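Let me begin by presenting the structure, written as structure tokens, before commenting on it.
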Amino acid sequence: MSNKIKVLTLGDHPLLPSGVGTQTKYMIEALVDSGKFDIFSLGGAIKHPNYNLMKVNENWSVLPVDGYGDKIKVLSIIREYKPDVVWFMTDPRYYEWLWAFDDDIRQNVPMVYYHVWDNYPPPKYNQKFYESNDTVVTISKVTSDIVQTVAPEVNEVYLPHAVPMNIFKKVDQDVINQVLENNPDLNDRFIFFWNNRNARRKQSGTLITWFSEFLEQDHVDSKKVSLIMHTDPSDQHGQPLEYLAESLGMVNSEIIFSKQKMPPEELSKLYNVADCTINIADAEGFGLATLESLSCETPIIVSMTGGLQEQVTDGEQWFGIGIEPASKAIIGSQQVPYIFEDRISKQDFLDAMNKMYSMSKTERQNLGRKGREHVMKNYNFKDYGDRWVALMQEIHEKYGSWENRKEYKPWRMIEL
């Protein structure tokens with residue numbers, strides 16, 4: 001009988017390129033590679049071509065599900081698989097159904113939530129969700145502070161995202177030359193790069209419109225500047241980006257859409273070709289693309305929101321240009337009553353682009369080099385894996401499971 005710690009994970013399918021899926025995969029691979037864990041994943045967030053159980057390796061299986069699963073499926077798998085830990089990740093809006101029967105799970109198994117949250121004010125409406133877990137692990141300093149403020153009694157652990165720095169790294173000039181040979185429209189151009197989903201909060205349409213105004217400035221040679229957007233320009237959750245670019249007259253490689261999904265090694269080459277990577281989202285839990293960019297020694301321009309602000313500076317040095325919000329509007333919904341939406345101004349964005357564009361190549365290289373050092377120190381990929389292994393072992397030892405379940409009470413005392 002195996003003595004490995006068994007973990008049930010819920011989230012985006014871990015073999016998909018979404019941020020949640022990617023970080024889930026990195027975490028799982030670290031656990032499996034340690035030789036101390038066995039993983040059963042519910043892979044969700046997309047419509048699957050089939051729903052057959054996939055055996056990734058002898059210690060990791062993935063079962064495709066709609067959404068993120070449901071009560072019957074989760075409880076059934078828990079009874080059959082008998083995990084020692086239930087781990088799940090993404091925005092809490094997607095797990096209200098899970099916390100609705102947390103007592104059924106937690107009486108036997110501890111729940112570990114890897115928490116994604118974009119912005120202040122501290123969401124008091126999330127308190128009941130945070131308190132429904134044995135441990136909340138947070139992806140950014142903003143999220144960490146929020147959990148400590150809203151639910152101070154919950155065990156909270158700050159463990160930010162990471163990227164494999166052996167893949168996202170500075171490449172030799174001959175590799176860059178090969179990319180340029182294959183894409184002659186990029187030769188002798190200053191290249192801005194944007195790698196995000198075409199969705200409302202990512203401000204993709206705003207970026208295209210403001211970029212067109214950047215090109216109209218007298219000191220900018222519009223024939224030698226390009227914006228590469230690695231995205232689906234027809235995403236149903238975003239704007240028709242190709243139509244927008246054409247409407248603004250950018251039809252001569254001013255904007256180049258990179259539509260095909262590509263492996264990390266190829267994506268790394270695009271970061272290396274770029275002079276700067278941009279993310280001006282109005283809310284961003286972490287923002288993996290800019291971390292990947294810094295790991296490749298390419299500086300960044302970002303809005304100072306969510307996890308982006310801890311990437312662009314360590315509080316002393318800067319690794320690109322951070323743009324403070326010009327406004328903080330409280331937006332919300334029936335499910336999320338209030339959250340800040342950080343909007344930057346057009347002029348501040350144009351100033352940032354002009355500053356980056358006017359820098360010498362050496363100045364940009366120095367920013368990028370310091371950026372990689374920042375990533376190595378604070379978002380080291382090996383540390384990310386080692387910390388997850390140590391944390392999950394600690395959780396298993398502290399809380400136990402099934403016959404050895406500890407520190408869980410299905411009730412609490414409240415002073416009236």
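A few comments on the model shown:
- Residues satisfying the stated conditions in segment 336-350, i.e. under 9 Å from A326 (Cα atoms) and touching a residue at least 60 places away in the same chain (Cβ under 8 Å): D342, R343, I344
- Selection within segment 366-416 - β-branched (V, I, T) and surrounded by 12 or more Cβ atoms within 10 Å (Cβ to Cβ): V375, V389, I395
Conditions (1) surrounded by fewer than 20 Cβ atoms within 10 Å (Cβ to Cβ); (2) of a type outside the set (D, E, K, R); (3) modelled with pLDDT under 95, marked per residue:
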position: S268; (1), (2), (3): no, yes, no
position: A274; (1), (2), (3): no, yes, no
position: T277; (1), (2), (3): no, yes, no
position: G285; (1), (2), (3): no, yes, yes
position: C296; (1), (2), (3): no, yes, no
position: T313; (1), (2), (3): yes, yes, no
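- Subset of segment 229-257 (residues that are over 15 Å from N196 (Cα atoms) and not β-branched (V, I, T)): E242, Y243, L244, A245, E246, S247, L248, G249, M250, N252, S253, E254
- Boolean, D38 is among the charged types (D, E, K, R) and more than 24 Å from P264 (Cβ to Cβ): yes
- Members of segment 18-35 found to be in a loop (DSSP other than H, G, I, E, B) and within 21 Å of G69 (Cβ to Cβ), listed by number: S18
- Comparison of G285, G205, G238 shows that the only residue that is among the small types (G, A, S) and in contact with a Phe, Trp or Tyr (Cβ under 7 Å, 6 or more places away or on another chain) is G285.
- Picking from residues in segment 16-38 that are touching an Asp or Glu at 6+ places or on another chain (Cβ under 7 Å) and small (G, A, S), the one that is farthest from M392 (Cα to Cα) is S18.
- Here is the figure for segment 109-154: residues that are among the charged types (D, E, K, R), in a helix (DSSP H, G or I) and without any contact (Cβ under 8 Å) to a residue 60 or more places away in the chain total 3.
- Taking residues in segment 179-207 that are assigned by TED's automatic domain parsing to the domain that holds H237, and partners anywhere that are among the hydroxyl-bearing types (S, T, Y) and surrounded by fewer than 16 Cβ atoms within 10 Å (Cβ to Cβ), the pairs with Cβ atoms closer than 9 Å and at least 6 places apart or on different chains are N198/S234.
- For segment 78-92, the set of residues classified as at pLDDT below 95 and either of a type in the set (A, V, I, L, M, F, W, C) or outside the structural domain of F129 (by TED's automatic domain parsing) (or both) consists of M89 only.
- When the residues of segment 331-358 are filtered to those that are β-branched (V, I, T) and within 21 Å of H115 (Cα to Cα), the one that is surrounded by the fewest Cβ atoms within 10 Å (Cβ to Cβ) is I331.
- Any hit, segment 209-225, residues being touching a residue at least 40 places away in the same chain (Cβ under 8 Å), touching a strand residue (DSSP E or B) at 6+ places or on another chain (Cβ under 6 Å) and not in a helix (DSSP H, G or I): yes
Quick grid of which residues meet (1) surrounded by 16 or more Cβ atoms within 10 Å (Cβ to Cβ); (2) more than 17 Å from I139 (Cα to Cα); (3) of a type in the set (S, T, N, Q):
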site	(1), (2), (3)
H13	yes, yes, no
G19	yes, no, no
Q23	yes, no, yes
L31	yes, yes, no
K36	no, yes, no
L42	yes, yes, no
A45	yes, yes, no
N52	no, yes, yes
N57	no, yes, yes
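- Of the strands (runs of 3 or more DSSP E) that lie entirely inside segment 284-392, those containing 2 or more residues that are under 20 Å from the mean Cα position of the chain (by Cα) and not charged (D, E, K, R) span 300-303, 320-323, 339-343.
- Taking every residue in segment 36-52 that is closer than 18 Å to I72 by Cβ and pairing it with any residue that is in a loop (DSSP other than H, G, I, E, B) and among the β-branched types (V, I, T), at least 6 positions away or on another chain, the pairs with Cβ-Cβ distances below 6 Å are L42/V65; G44/V65.
- Residues that are part of a loop (DSSP other than H, G, I, E, B), over 12 Å from G205 (Cβ atoms) and in contact with a Ser or Thr (Cβ under 9 Å, 6 or more places away or on another chain) within segment 231-274 comprise G249, M250, N252, S253, E254, K259, A274, listed in sequence order.
Conditions (1) under 27 Å from H237 (Cα atoms); (2) outside any helix (DSSP H, G or I), marked per residue:
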site: N166; (1), (2): no, yes
site: V171; (1), (2): no, yes
site: N177; (1), (2): no, no
site: E181; (1), (2): no, no
site: D188; (1), (2): no, yes
site: W194; (1), (2): yes, yes
site: R201; (1), (2): yes, no
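The values are calculated or read from the model by the stated rules, or taken from the named source; none is laboratory data. Since the model is a prediction, treat every value here as computed from it, not as a measurement. Cβ sites come from the backbone with ideal geometry, for glycine too, and all protein chains shown count toward neighbours.
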